[in-house]
Amino acid sequence: MGSIEEKIDLDSDEEIPFRVPQPTNKMHSMSFEPSRHILAHPQFSASWVIRKVNRVSILRSIYIVLIKARINVLLPFGPLAICLHYFTKMHGLVFFFSLIGIIPLAERLGYATEQLACYTGPTVGGLLNATFGNATEMIISIYALQNGMIRVVQQSLLGSILSNMLLVLGCAFFCGGLVHHHKVQHFNKATALVNSGLLLMAVMCILFPAVLQFTHTEAHKGKSEMALSRVTSCVMLIAYASYLFFQLKSQNNLYSSLDEVRDNDEADDDEVPEINPWEAIGWLAMLTLWISLLSGYLVDAIQGASDSMNMPVAFISVILLPIVGNAAEHASAIMFAMKDKLDITIGVAIGSSTQISMFVIPFCVIVGWIMGQPMDLNFQLFETATLFITVVVVAFMLQEGQSNYFKGLMLILCYIIVAASFFVHIDPTKEDD
């Protein structure tokens, strides 16, 4: 009788009073099939089912990640793009639907990263956010490298930097300034200056190969530029590793006040993780695989989409692809700015740009070296000049350590100018071919 009584206690919900009158029904409660009188109970509703599902960890995790968020209504566009790829020749629709299908995956990837960051602490969590936030760009770049689309890789990574620094940061400053129009928002100047210095170093590393080719001063024509790019990429990776050590270990006091602010803000908002760390790791793996699959179809459809939509490949690579890849950063940066957490906004937007320029770009050069693809740091003069001007403008905006909606509006307008410039830009390599 002890085990039967324990089973009755497990079946009875605190919110649903339920009593079994006869001993025969007690024995029936041992079965796994629900009885008819339970299904007919007036309190057996959809909310009761959801509460029961929440008690099953896997079903609850699936509900939270794949069903709960409204952006998940865009998930069917991914399978639709795959079907169109095999059954039709409409490359424009394949590209468009793949683009839309990756948006919720990138956002959910950012969500899973944030959930994992709740268990790792703010400093490591910020690094995880920046790393997995750029996973979409890295996956698309690797697939493009396999297909020999060097210019697509260069322009998409350049576009990611421009999008993070101008569009993402601009929208965050603008929305945060409108919500907190009665005061001036502040952020930590130390972190912003360190990231600005790294971005200027990246500009220098990208500028030299372009100038070397443009001035026709290579010691070994066609080989010096590639050798310089590979050596410089190794130096950039060392510099980024040194930056991580500086941020996490050596100069921890510089970021301690920022971490304390983040901890206090999270405690005030009662932000608790919705899934456990192993579930977050599992979702990171599955979402990354699904993004990898869609990225292959997206890359294959770029040229066909350019021809069918009469749109330059440079515009698709620099503007459209990074907007999808930065979907998670865009939403997170705006949300934190509206909560007056500009330190995290700067870490998401500028930190992501720093990681792309100092890690993803040289990493792609090394991967291209291994694959036998001529991936280098020569982004051509027009793209390099655009990056240089953007870094200077953003560094000027960040030097005061203050933000308002007018600064955000100026950054957004600058991004519109950049987008218009690439819409009328013709890649010089096409003319050479």
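The values are calculated or read from the model by the stated rules, or taken from the named source; none is laboratory data. Because the structure is a prediction, the values reported are computed rather than measured. Methodologically, a virtual Cβ is constructed for each residue, glycine included, from the backbone with ideal geometry; neighbour enumeration extends over all protein chains shown. What goes into the accessible areas is simple: the full protein's heavy atoms, side chains included, and nothing from ligands, DNA or RNA. Shrake-Rupley method; radii C 1.70, N 1.55, O 1.52, S 1.80 Å.
Some observations on this one:
- Test: residue in the range 155-173 that is surrounded by fewer than 23 Cβ atoms within 10 Å (Cβ to Cβ), of a type in the set (A, V, I, L, M, F, W, C) and in contact with a helix residue (DSSP H, G or I) (Cβ under 9 Å, 6 or more places away or on another chain): yes
- The listed residue being in contact (Cβ under 8 Å) with a residue 12 or more places away in the chain and part of a helix (DSSP H, G or I), out of Ser332, Ser306: Ser332
- Check on Phe336, open to solvent by 10 Å² or more (accessible area, probe 1.4 Å) and either of a type in the set (Gly, Ala, Ser) or within 28 Å of Leu128 (Cβ to Cβ) (or both): yes
- Reported count of residues in the range 307-318, each being on the phi < 0 side of the Ramachandran plot and open to solvent by 10 Å² or more (accessible area, probe 1.4 Å), is 7.
- Scanning the range 209-218 for residues that are free of Cβ contacts under 8 Å to residues at least 40 places away in the same chain and either among the hydroxyl-bearing types (Ser, Thr, Tyr) or open to solvent by 90 Å² or more (accessible area, probe 1.4 Å) (or both) yields Thr215, His216, Thr217.
- In the range 65-99, residue nearest to Glu279 (Cα to Cα) [restricted to those that are open to solvent by less than 30 Å² (accessible area, probe 1.4 Å) and under 19 Å from the mean Cα position of the chain (by Cα)]: Val65
- If you filter the range 388-405 down to residues that are among the polar types (S, T, N, Q) and outside any helix (DSSP H, G or I), you find that the one that is nearest to Leu199 (Cα to Cα) is Gln399.
- Per-region count, the range 132-181, residues more than 18 Å from the chain's Cα centre (by Cα) and outside any helix (DSSP H, G or I): 5
- On inspection, Phe132 fails the criterion of being crowded, with 21+ Cβ neighbours inside 10 Å and at pLDDT 85 or above.
- Some residue of the range 94-115 being at pLDDT 85 or above, in contact with a Ser or Thr (Cβ under 6 Å, 6 or more places away or on another chain) and assigned to a helix (DSSP H, G or I): no
- Residue, most open to solvent (accessible area, probe 1.4 Å), within the range 350-387, restricted to residues that are assigned to a helix (DSSP H, G or I) and either without any contact (Cβ under 8 Å) to a residue 12 or more places away in the chain or on the phi > 0 side of the Ramachandran plot (or both): Ile370
- Within the range 183-196, considering residues that are assigned to a loop (DSSP other than H, G, I, E, B) and at pLDDT below 85, the one surrounded by the most Cβ atoms within 10 Å (Cβ to Cβ): Asn188
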